[in-house]
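Quick notes on the structure that follows.
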Ligand SMILES: Nc1ncnc2c1ncn2[C@@H]1O[C@H](COP(=O)(O)OP(=O)(O)OP(=O)(O)O)[C@@H](O)[C@H]1O
Ligand SMILES: [Mg+2]
């Protein structure tokens with residue numbers, strides 16, 4: 001688990017960030033940045049590099065290897081610190097609060113701004129090596145594959161998709177993006193998997209979720225990771241989140257992925273609410289989403 005670096009931010013000095021950005025720059029060319037190159041990359045004297053490296057090492061913002069040559073790379077904490085600094089310089093956020101969620105491949109915190117927002121740090125390529133295929137898709141056009149690049153690509157992609165979908169689809173409003181992090185509106189409510197729905201509401205909520213998938217399809221995207229963990233339910237309605245792996249509707253597998261999304265949602269409702277949910281023709285619903293005519297699963301009955 002990656003530590004929350006928010007508490008470190010006030011201790012860090014501008015030149016510590018020069019060092020961190022220098023290491024970041026060097027990582028575009030090699031996984032471990034040769035110490036000898038750091039004064040150039042960081043625009044600091046060699047003595048200052050020594051001093052800053054020591055400060056950043058003590059705070060686990062960079063790590064060292066000594067085999068072959070002495071090299072440094074950012075830790076995720078170091079990368080987080082760089083993103084946080086950018087967000088606060090742009091006034092996107094004023095302070096980091098409590099964790100809102102820890103996913104397989106991300107950390108999400110509440111952040112203070114003109115109102116409470118959510119900050120999501122992507123961790124792809126670092127914590128989950130099982131997701132090789134996902135990783136390939138992001139990095140197919142690039143030779144030097146590092147976690148830094150993979151996580152940044154995932155955040156870029158998620159921010160881009162939220163920007164395309166908001167406000168036509170009920171997704172968190174995107175606020176800012178930097179490196180491997182995005183700032184977005186904090187949604188209300190709880191994850192569908194933990195929501196207490198009374199039986200009469202269940203079919204209505206199922207329809208709401210499927211209608212959002214339909215609107216997303218119309219806007220050109222299939223979520224491709226739909227489950228009760230990526231939908232929030234509140235008294236105001238639902239929000240569909242967690243979009244980095246979404247695919248465009250002209251993708252070869254779009255139809256298959258959409259059908260899987262629909263099936264995941266329908267199966268969840270039928271499992272959790274066995275009685276009130278009617279039999280649903282998943283293929284039929286998928287067809288109607290593709291054709292732009294989906295209204296309700298009750299239309300099957
Ligand atoms: N905008 C938001 N507002 C409030 N809470 C959020 C927001 N975005 C994410 N969260 C919380 O963080 C958790 C993890 O977020 P998300 O689902 O986006 O990532 P993930 O599941 O780790 O992604 P992946 O599927 O790549 O592993 C969510 O379940 C939710 O509790
Ligand atoms: Mg999720």
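Taking the stretch 187-234 only, how many residues are more than 14 Å from residue 265 (Cβ to Cβ) and either more than 16 Å from ligand 1 (Cβ to nearest atom) or touching a residue at least 40 places away in the same chain (Cβ under 8 Å) (or both)? Steps first, please.
Going through the stretch 187-234, the residues more than 14 Å from residue 265 (Cβ to Cβ) turn out to be 187-190, 194, 196, 198-201, 215, 218-221, 234.
Within this subset, residues satisfying the condition of being either more than 16 Å from ligand 1 (Cβ to nearest atom) or touching a residue at least 40 places away in the same chain (Cβ under 8 Å) (or both) are 187-190, 196, 198-201, 215, 218-221, 234.
Residues that pass the stated criteria total 15.
Sort out which residues of the stretch 56-71 are under 10 Å from residue 19 (Cα atoms) and assigned to a helix (DSSP H, G or I), and write them in order of number. Listed by number, the list holds a single entry, 56. Scanning the stretch 93-108 for residues that are crowded, with 20+ Cβ neighbours inside 10 Å and more than 15 Å from ligand 2 (Cβ to nearest atom) yields a count of 2. Quick one: residue 16 ticks every box in (1) crowded, with 20+ Cβ neighbours inside 10 Å; (2) in contact (Cβ under 8 Å) with a residue 60 or more places away in the chain bar one, so which box is it? With respect to (1) crowded, with 20+ Cβ neighbours inside 10 Å; (2) in contact (Cβ under 8 Å) with a residue 60 or more places away in the chain, residue 16 is out only on (2). Restricting attention to the stretch 72-129, the residues that are assigned to a strand (DSSP E or B) and in contact (Cβ under 8 Å) with a residue 60 or more places away in the chain add up to 16. Restricting to the stretch 209-234, name every residue that is more than 21 Å from residue 106 (Cβ to Cβ) and assigned to a loop (DSSP other than H, G, I, E, B). 219, 220, listed by residue number. Going through (1) assigned to a loop (DSSP other than H, G, I, E, B); (2) at pLDDT 95 or above; (3) touching a strand residue (DSSP E or B) at 6+ places or on another chain (Cβ under 9 Å) one by one, residue 196 falls short only on (2). Among the residues of the stretch 235-258, those that are at pLDDT 95 or above, more than 10 Å from ligand 1 (Cβ to nearest atom) and part of a loop (DSSP other than H, G, I, E, B) comprise 246, 249, 250, 251, 252, 253. Scanning the stretch 235-249 for residues that are touching a residue at least 60 places away in the same chain (Cβ under 8 Å) and surrounded by 15 or more Cβ atoms within 10 Å (Cβ to Cβ) gives 238, 239, 240, 241, 242, 243, 244, 245, 246.
The values are calculated or read from the model by the stated rules, or taken from the named source; none is laboratory data. Please read all numbers here as calculations on a predicted model, not as lab measurements. Please note: Cβ atoms are built from the backbone with ideal geometry, for glycine as well, and neighbour counts cover all protein chains shown.
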